[in-house]
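One structure below.
The values are calculated or read from the model by the stated rules, or taken from the named source; none is laboratory data. The shown structure was predicted, so the numbers you read here are calculated from the model rather than taken from an experiment. Positions of Cβ are backbone-derived with ideal geometry, glycine not excepted, and every protein chain shown enters the neighbour counts.
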């Protein structure tokens, strides 16, 4: 997460960041693990790191699997999100699939690998759009 990257860049421990920001160490741990952060927490962190709140929120878009909206989503969507904590993870999967598909297409076109990777990337993109439409993250 971006908070951990910024903390490491400043060579601070979680305890130091908590002290500088006036937050609890547990709050720092939750934010770094990708859990939702309140606007007050984001303001404190943005102030300490001297960045805009938008810089912190661009990567803190996580799936809250405890909400009613999440529970109402179809089983196939939830099954595809097993082990996935954020929209960004799904985007990385889509990009990786596209990279493999184009690589196999140009380097060694195969009848199975190339179309399978393109299809998987397309379906992953469709899942991202479905999650956006249904406020999954």
Does residue 85 satisfy being touching a strand residue (DSSP E or B) at 6+ places or on another chain (Cβ under 7 Å) and at pLDDT below 90?
-> yes
Any hit, the range 89-109, residues being surrounded by 12 or more Cβ atoms within 10 Å (Cβ to Cβ) and in a loop (DSSP other than H, G, I, E, B) | no
Collect the residues in the range 102-137 that are closer than 21 Å to residue 90 by Cβ, free of Cβ contacts under 8 Å to residues at least 40 places away in the same chain and in contact with a helix residue (DSSP H, G or I) (Cβ under 7 Å, 6 or more places away or on another chain), keeping them in residue-number order.
-> 117, 118, 120, 121, 124, 125
Exactly one of 36, 55 is in contact with a strand residue (DSSP E or B) (Cβ under 9 Å, 6 or more places away or on another chain), at pLDDT below 90 and under 18 Å from residue 21 (Cα atoms), and that residue is 36
Tell me which residues, restricted to the range 63-73, are touching a helix residue (DSSP H, G or I) at 6+ places or on another chain (Cβ under 9 Å) and outside any helix (DSSP H, G or I).
-> 63, 64, 65, 73
Is it the case that some residue within the range 68-79 is in contact (Cβ under 8 Å) with a residue 24 or more places away in the chain, out of contact with any strand residue (DSSP E or B) (no Cβ under 7 Å at 6 or more places or on another chain) and surrounded by fewer than 17 Cβ atoms within 10 Å (Cβ to Cβ)?
-> yes
